[in-house]
Each structure stands twice: as structure tokens, then as C-alpha cells.
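Colleague: Following this message is one structure expressed as C-alpha cells.
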Amino acid sequence: MIYLDNAATTKMSKTAIDAMLPFMDKIYGNPSSLHSAGQEANEALYNARERIARVLGCEAREITFTSGGSEADNQAIISAARIGERQGKKHIISTAIEHHAVLHTLDRLKKEGFEITLLNVGENGIIEPNKVKEAIREDTCLVTVMYANNEIGTIQPIKQIGEICRQKGVLFHTDAVQAVGHIKIDVKEQNIDMLSLSAHKFHGPKGVGALYAKKGIRLTNLIDGGAQERGKRAGTENIPAIMGMAAALEEAVGNIDCNAKKLTVLRDKLINGLSTIPHSVLNGDTTKRLPGNVNFCFEGIEGESLLLLLDDRGVCASSGSACTSGSLDPSHVLLAIGRVHDIAHGSLRLSLSEENTEQEIDYTIKAVTEVVAYLRSISPVWRDLENGKQEFIIK
Ligand SMILES: *Cc1c(COP(=O)(O)O)cnc(C)c1O
């Protein structure tokens, strides 16, 4: 099997698994317990928080553990909204290409009476920092812009956007779930007030993540109960997962340059190979993109059929985000960069990990090329295009 769906989730690294095991059978105390078993777990928890903070360039007390990226996004946005509300500020700025964890949280706030501005991105999938500046109003309480897109891999000018927000005195959150462990991040240097991350996107365990929130930002708890996480996130901490996350993060960041270099070579080989397919187009920017992300649209192709036939050939791919696959709506990200419905339906995302090999990439190029040709050969739509009864959209 060739696994090319690392934007959906990654395989856990051995380092992460090894870091978790002792916390399942040996150090299993509850960190809130006063006895030595509990205190041992509590020390490990503190240690993990410090290590994660060091990697991000912040302080341990600025890290809150969550159940993953979705919860961190929800908590960041809801917290900023509650802070804004108390000051009479009920306007939030975001982008049209955010993950649903952000977009659906904004929908909920809209129903509560918040005004939401969703900025459009350019055809390359990148937001213009000046657009953020122009959109900020007196009553803006939050700007939330994702660091790197989960579908088309585009990397946003986060530092510049952060600087604009700082000058205007507006809180700035970034959903960095696709970026952490893959791109170098320093929250202070990049003017980030809040940041979401998720362990399973960098070879850590699923169901655990973190929210960085600059000290002074009052978080709203989404889960009420005990006083864990300074009273901002109740529930006994998932210590094994947190230890796995800390280890995976240190490992990913330790190898970040080497991995990025290797991935970029594989990515560009794949992009070049797929570009030779007639009537195909790369989605997203050619260089300002995640080192492991490839996303194409093929005219006259139905994405789901492409995925199933690739799976038959042992290639695990995606048509977009894991959350939209299974629904018939085309990706909101592809529509935002100007792909029309029919074209957006024919999309393919291949997301690599450093474990992929050049041979796998060669095999994949061949498999995609053949499957696309086969699907077109049996498609009535394609026949009309070839006969000139209908015009090609992708030249
Ligand atoms: C995967 C992902 C999330 C959700 O993270 P979970 O840990 O799966 O909840 C949020 N945002 C982006 C950009 C993602 O890729």
C-alpha cells in the first residue's frame, strides 16, 4: 500500500509510541491526585507542556491541552468572541478557505449576532495581508487565518498578518494544524496570539492537540468540570497521548529541514509527472505550499471514481479534506480559488510523508495517468469535449 493521505492523518512514529507506553502501565496515576503515583504523572505532564512550549517559542503556562485541532480552534475562536463581546466588539475576520472547525464555529457565532467577514484568496490560494488590514474595523475582535491549507497546501503570510493585527490591537489566531512539525514556527517572532495544533498530523497520536494562547488572553472553557488546565478544560488529562504528542513534535521539528528537503523533491517530481496529463491543473501556489502537498484537478473526471480506482491499485489518496469526502458538495477551498463546480469535482489530493519513496512516486504518477485515461475513455462528457460539442475549461 502506498499511503499518500498524510494531510488526513499520519502513521505514529516509533518515538511517539515508545514515549506513550510507560504512561499506560507504569505511570498511570491521575495528575490531580496528591499521592506519589499522581505526582509522578503530574511531573510528566508539566514536562510535556514545557517541551511543547519550547518548540513553539512560548511559555509552558501558555499551552492548554485539548482533544485535537478542532477543539483548539473552537476554544480559541469562542474565547476571542467572549472577550470581544464584553467590549462591545462583535466582528470577526477570517478566510473562505478555512477548515470546517473554524468555519462552523464562525457560523455558530453568526447565529448569536456576530458579524463575520470571510476574505477571499487569490487564484493561488494566498491571502493578501493588505486585505486583512482593510477589513479591520473598530469593532473587530478577532482575525483568524489558517497557517497552511489542508487541501491545497498554500502557506499564508502569517507574520505580516500578525503584525497588522498587533498594530491594530486585534487578537490574531491561526489554525496551524497542517503547519506545526512541517514548517518552522515561533509564535512570538511571528506575532501570533493564539495557535491550534494537533498531534496526529505530525506522527503523534489521534485525539490530542493543544491551544497556545498568549498570557493575558482569558480562555473560555468549552468543557466544565474539574480544575484541570487551570480551570479552562475539565477532564482527566490524556497523559499517554500528551507524552506521545510532545515526543512526536520534538522529533518532527528536530528533522524539519531534512524532511522538508526530501519532501519537496518528491512533491515536485509528482507535480511534474501529473502535469503531463492533458487538461489538468495544479491547485494552489507552486512554491508557497507545504512540502508534502500535491493537489490537482482533472477535467472530465469524477473525483470519487478516481479515488476508488487508485485504491484498487494500492494508492491511498483523497479528493480533498476527509470531512467533505463522502458528501457530494465540491470543496469550498477549490471553489474559493475559482474552480467551477465540474472541475472542482475532479480533484485529487496526494499528501506525502518523509517515509514515501521515489519508487512510490513513480508508481503513483503511472497509476494516476492510467486511471485518468481509463475514466475519460468511458465518459460521455469526455466524448463531447473531444468532439468539440463542449469546450474544455482546463486548456
Ligand atoms: C486536521 C485538521 C483540523 C482538525 O484537527 P483534529 O485534531 O482532527 O480535530 C483542523 N484544521 C486543519 C487545518 C486540519 O488539517
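Colleague: Would you be able to say whether some residue in the stretch 33-51 is within 16 Å of the ligand (Cβ to nearest atom), touching a helix residue (DSSP H, G or I) at 6+ places or on another chain (Cβ under 6 Å), under 30 Å from Glu151 (Cα atoms) and not assigned by TED's automatic domain parsing to the domain that holds Val294?
Modeller: no
Colleague: Name every residue in the stretch 58-77 that is surrounded by fewer than 22 Cβ atoms within 10 Å (Cβ to Cβ), within 15 Å of the ligand (Cβ to nearest atom) and not small (Gly, Ala, Ser), in order of residue number.
Modeller: If the condition is that a residue be surrounded by fewer than 22 Cβ atoms within 10 Å (Cβ to Cβ), within 15 Å of the ligand (Cβ to nearest atom) and not small (Gly, Ala, Ser), then Asn74 is the only one that fits.
Colleague: If you scan the stretch 269-299, which residues turn out to be crowded, with 24+ Cβ neighbours inside 10 Å and at positive phi?
Modeller: Gly284
Colleague: To continue, here is another question. Which members of the stretch 144-164 meet the condition of being among the hydrophobic types (A, V, I, L, M, F, W, C) and either assigned to a strand (DSSP E or B) or crowded, with 24+ Cβ neighbours inside 10 Å (or both)?
Modeller: Passing the criteria: Val145, Met146, Ala148, Ile152, Ile155, Ile158, Ile161.
Colleague: Could you list, in sequence order, the residues of the stretch 130-179 that are within 16 Å of the ligand (Cβ to nearest atom) and more than 28 Å from Cys297 (Cβ to Cβ)?
Modeller: His173
Colleague: Here are the criteria: (1) under 21 Å from the mean Cα position of the chain (by Cα); (2) more than 16 Å from the ligand (Cβ to nearest atom); (3) within 26 Å of His104 (Cβ to Cβ). Tell me which single one Phe296 does not satisfy.
Modeller: (3)
Colleague: Mind listing just one residue for me: the one in the stretch 245-268 that is under 24 Å from Val333 (Cα atoms) and charged (D, E, K, R) and, of those, surrounded by the most Cβ atoms within 10 Å (Cβ to Cβ)?
Modeller: That would be Arg267.
Colleague: Of all residues in the stretch 104-137, which are more than 26 Å from Thr286 (Cα to Cα) and in contact (Cβ under 8 Å) with a residue 40 or more places away in the chain?
Modeller: Ala135, Ile136, Arg137
The values are calculated or read from the model by the stated rules, or taken from the named source; none is laboratory data. As the structure is a prediction and not an experimental result, all values here were calculated from the model. Using ideal geometry, Cβ is built from the backbone for each residue, glycine included, and neighbour counts are taken over all protein chains shown.
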